[in-house]
Structure formats: structure tokens, C-alpha cells
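Presented below is the structure to which this report refers.
The values are calculated or read from the model by the stated rules, or taken from the named source; none is laboratory data. All values reported here derive from a predicted model rather than from experimental measurement. Every residue, glycine as well, gets a Cβ built from its backbone with ideal geometry; the counts of neighbours run over all protein chains shown.
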Amino acid sequence: MSRVADPERAAPDIRDATPEGQETAFRDWPHRVVRRAGAVRPLPPHARSLSDLTFEVGGARLGLGDYMARRRTAGLLILKRGEVAAERYGVGGGPESLWTGYSTAKSITSTLVGAALHDGSIGSLDERCDRYLPRLRGSAYEGLTIRNALRMCSGVVWSDVEDEHPEHGRLQRALVSRRPGSLMDLLCTLPRARPQGAAFNYSTVDTYMLGALVAAATGRPLAEYCAEAIWGPAGMEADAYWALEAEGGRELGGAGLGARLRDLGRFGLLVLEDGEAFSGRRVLPPGWRDLAGQPDSAPTGFGRLKPGIPAGYGYQWWALPHGPTGVHAGAFVAIGAFGQHIYINPAEHVVIAIQSAWPQHQDSDAETETFTLIGTAVHALRSDPAS
């Protein structure tokens with residue numbers, strides 16, 4: 001765990017760190033190390049290289065280099081059956097860079113819920129969260145099931161969009177306070193808007209709560225449990241780090257995990273292979289991939305999340321609509337601010353990890369271009385007889 005080396009270098013709210021400064025901002029923030037252990041999973045080259053891949057957007061034909069320059073891509077890794085079809089770096093990044101994934105951490109936290117369920121630390125997804133976190137009793141989270149928290153259907157008032165709700169300012173003040181427990185204190189004051197399970201509402205504080213729940217259920221900090229349940233068994237090549245709310249506090253849960261690009265690919269392979277880890281140890285319940293990666297309720301179904309959004313939502317994963325080509329059938333993706341992606345396509349045995357430094361938190365044009373690239377890569381690898 002590390003203290004901020006220079007408080008002026010860390011953004012007051014680390015979710016608002018600039019793309020250029022995000023790696024420094026998160027690594028200078030108090031954090032715990034996620035230790036790697038054991039043999040490293042090899043990622044050999046695939047028979048079909050995608051170095052010459054091109055795709056069309058808005059009438060323009062783009063190659064991988066064009067995309068990376070246009071979208072300020074720090075790292076791009078395309079895996080087919082665990083083999084590297086493409087690996088590139090940009091904007092000063094390289095194979096050893098620890099790049100922060102923002103909300104891609106939500107999908108890692110949900111995977112840790114699955115690991116805790118598998119090892120018996122959690123009894124059932126239909127248990128109440130306050131069984132493991134008594135602090136929630138008397139709050140709007142009282143009675144909330146783990147499953148509805150995973151679905152982002154807590155019913156508790158929250159908006160991750162700064163201008164939509166004044167609670168965002170309270171979150172910023174909680175982080176600036178650098179006080180352990182400040183985020184739990186905040187979420188225990190939030191009001192209820194809907195009955196649990198009735199509506200989808202994307203909420204980073206709900207994932208923070210899930211991270212705290214896993215830590216309580218397993219009796220160890222989230223980063224330590226992540227090392228035991230994921231980082232070691234998946235065969236990671238390097239330590240990662242997980243930002244804390246404060247020195248000695250809890251991991252952010254919904255953000256703040258920094259890792260190498262190849263290790264994000266290995267995480268994707270662990271999920272793709274349904275928890276059958278490289279180490280030979282099963283770390284997730286059988287069937288977890290398909291349960292977590294697809295909607296399992298009406299409010300999280302395809303086209304039901306928000307007007308104009310065709311995606312669905314699983315357990316902290318975005319489920320992709322199939323589209324006219326069907327290339328994304330059964331696929332799901334972790335998405336983080338500034339262009340972070342971990343794409344998993346079980347039917348095609350493809351994992352794609354992308355680390356970016358977009359100028360804005362969200363960019364619809366860049367998102368469209370990214371998924372056009374992903375779909376083209378999946379199709380190219382599908383049509384290759386050797387794949």
C-alpha cells in the first residue's frame with residue numbers, strides 16, 4: 001500500500017483524472033497491490049495475424065494504426081483461443097505499462113462475487129447484502145439481494161452523471177476527505193427511488209458496496225482476495241494495483257484497478273473459459289460466464305436499460321445486441337471511461353482488451369468505431385480456416 005507521493009499530482013476526485021495523467025493519478029492514490037503468483041500463462045502467436053486488418057467507418061477505410069492514432073489507444077490486444085492475433089501499443093504505453101481501467105473494475109468485482117460463491121464464502125446470490133454488511137441495516141440498501149446489486153437494480157437513488165444528481169458532489173467530498181469508511185457512510189444515507197429489481201440504474205457506489213461485501217465475506221481485503229482467486233490462478237505476469245478510498249480504507253470496487261494489457265487479456269480468458277483457470281484450479285461456479293454475461297431479468301434485457309441503448313446488462317457486464325451479422329451473439333464487454341474495454345465472445349473464442357486515453361469520459365463516435373473494429377476482427381478470425 002502506498003501513500004500519495006505528491007498530493008498536487010493526484011486529482012481531488014480520481015474519476016476526473018485527465019487521460020494523460022490518469023496512470024499517475026491512480027498510482028499516486030492510496031492503493032493495495034494485487035500480487036501475481038505462480039507460473040505465467042503464455043500467450044503464443046495465432047496463425048492468422050491481424051496486423052493488416054482494415055475496416056470502414058463513415059466512408060473511410062482505416063487500419064489498426066489509423067484507429068490507434070485517431071482514438072489515442074494505449075494498448076490493443078486481440079486473442080483467439082488464447083493466442084495473439086494482434087498486439088500494439090501507443091500514446092507512450094508499452095507492454096509493462098499499468099493502465100487504469102476505470103469501470104472495467106466492476107466486471108472484476110462481479111467475478112470476485114462469483115469466486116466467493118464458488119468457494120463458499122457467499123452462500124447464495126439471493127442472500128441479503130446486509131447479512132455480510134450489517135452497516136447497511138436501516139439504510140435504503142437493507143434487504144437488497146446480492147443478485148439485484150449485481151444487476152444494478154438496487155432501487156437506491158444514484159447517478160454517475162455529474163450534472164444529474166447532487167450526490168456526485170458528496171462522493172467527491174468523501175474521496176477528498178481521505179477518511180476510511182467515508183464511502184460506506186455516504187451510501188448508507190442515500191434514499192430509495194424504486195423497489196429493488198424493478199429498474200436498472202447504473203451506480204458505481206453499488207459496486208463499491210459489492211466489493212466491501214466480498215471483503216467482509218472472505219475476511220480479507222478485496223485486492224488480497226483478487227490475488228488469491230484471480231490473479232494467481234489466471235497466470236498473470238505482473239502485479240496490479242487497486243485504488244483505495246483512503247489510506248487503510250476499502251478498495252473502490254467500481255473503479256481504480258490498474259493492470260498490464262496482457263493481464264487484462266488473461267482475465268478475459270479466465271472468464272471466457274468459465275473459471276477453469278490456467279493453474280488447473282476452478283475458481284468460478286460452472287456456468288458463471290453465461291449467467292454473468294447475459295441479462296437475466298426484464299429490466300436488464302436488451303433495449304430495456306435506457307432509451308436508445310440496444311445493449312442488455314448481466315452481472316456488471318454489458319451484453320451486446322447481436323446486430324444484423326450476428327457476430328456479437330452471446331458476447332459481453334466490460335467498459336470503462338476514456339475508452340477501456342474487455343470484450344469476450346464465447347462462441348468465437350475471442351477476447352479483446354483495449355486501453356485508451358480518450359479526451360472525454362464517453363465518446364459515441366469513438367465507441368462506434370471501436371465496436372466496428374472489434375466486429376471486423378471477430379469476423380476476420382472466424383473466416384480463417386486455421387482459427
**Asked** Condition test on A115, is it of a type outside the set (D, E), part of a strand (DSSP E or B) and at pLDDT 95 or above?
**Response** no
**Item:** Members of segment 302-325 found to be in contact (Cβ under 8 Å) with a residue 60 or more places away in the chain and over 24 Å from T109 (Cα atoms), listed by number
**Value:** none
**strands (runs of 3 or more DSSP E) lying entirely in segment 238-355 (those with 1 or more residues that are within 21 Å of A227 (Cβ to Cβ) and in contact with a Lys or Arg (Cβ under 8 Å, 6 or more places away or on another chain))** = 240-243, 257-259, 332-336
**Prompt:** Of the conditions (1) of a type outside the set (D, E); (2) out of contact with any helix residue (DSSP H, G or I) (no Cβ under 6 Å at 6 or more places or on another chain); (3) not in a strand (DSSP E or B), V84 fails just one. Which one is it?
**Reply:** (3)
**Asked** What are the residues in segment 223-237 that are surrounded by 23 or more Cβ atoms within 10 Å (Cβ to Cβ) and in a loop (DSSP other than H, G, I, E, B), if any?
**Response** P233, A234, M236
**Filtered residue count, segment 68-97, keeping only those that are touching a residue at least 60 places away in the same chain (Cβ under 8 Å), out of contact with any strand residue (DSSP E or B) (no Cβ under 7 Å at 6 or more places or on another chain) and closer than 14 Å to G339 by Cα** = 1
**Message:** I'm trying to understand the selection: among the residues of segment 358-387, which are over 16 Å from the mean Cα position of the chain (by Cα) and part of a loop (DSSP other than H, G, I, E, B)?
**Reply:** W358, P359, Q360, D363, S383, D384, P385, A386, S387
**Asked** Which members of segment 42-72 meet the condition of being among the aliphatic types (A, V, I, L, M), part of a helix (DSSP H, G or I) and farther than 12 Å from T376 by Cα?
**Response** M68, A69
**Selection from segment 188-215 of residues that are surrounded by 17 or more Cβ atoms within 10 Å (Cβ to Cβ) and more than 21 Å from the chain's Cα centre (by Cα)** = C188, L190, Q196, G197, A199
**Request:** Look at segment 86-111 and say how many of its residues are more than 21 Å from the chain's Cα centre (by Cα) and closer than 30 Å to I146 by Cβ.
**Result:** 0
**Request:** Run E83 past the list (1) surrounded by fewer than 20 Cβ atoms within 10 Å (Cβ to Cβ); (2) of a type in the set (D, E, K, R); (3) within 17 Å of the chain's Cα centre (by Cα) and report the number of the one that doesn't hold.
**Result:** (3)
**Complete:** Scanning segment 317-338 for residues that are in contact with a helix residue (DSSP H, G or I) (Cβ under 6 Å, 6 or more places away or on another chain) and at pLDDT 95 or above, the one surrounded by the fewest Cβ atoms within 10 Å (Cβ to Cβ) turns out to be G336
**Message:** Looking at G275, G312, G268, can you tell me which residue is surrounded by 23 or more Cβ atoms within 10 Å (Cβ to Cβ), modelled with pLDDT of 95 or more and within 15 Å of the chain's Cα centre (by Cα)?
**Reply:** G268
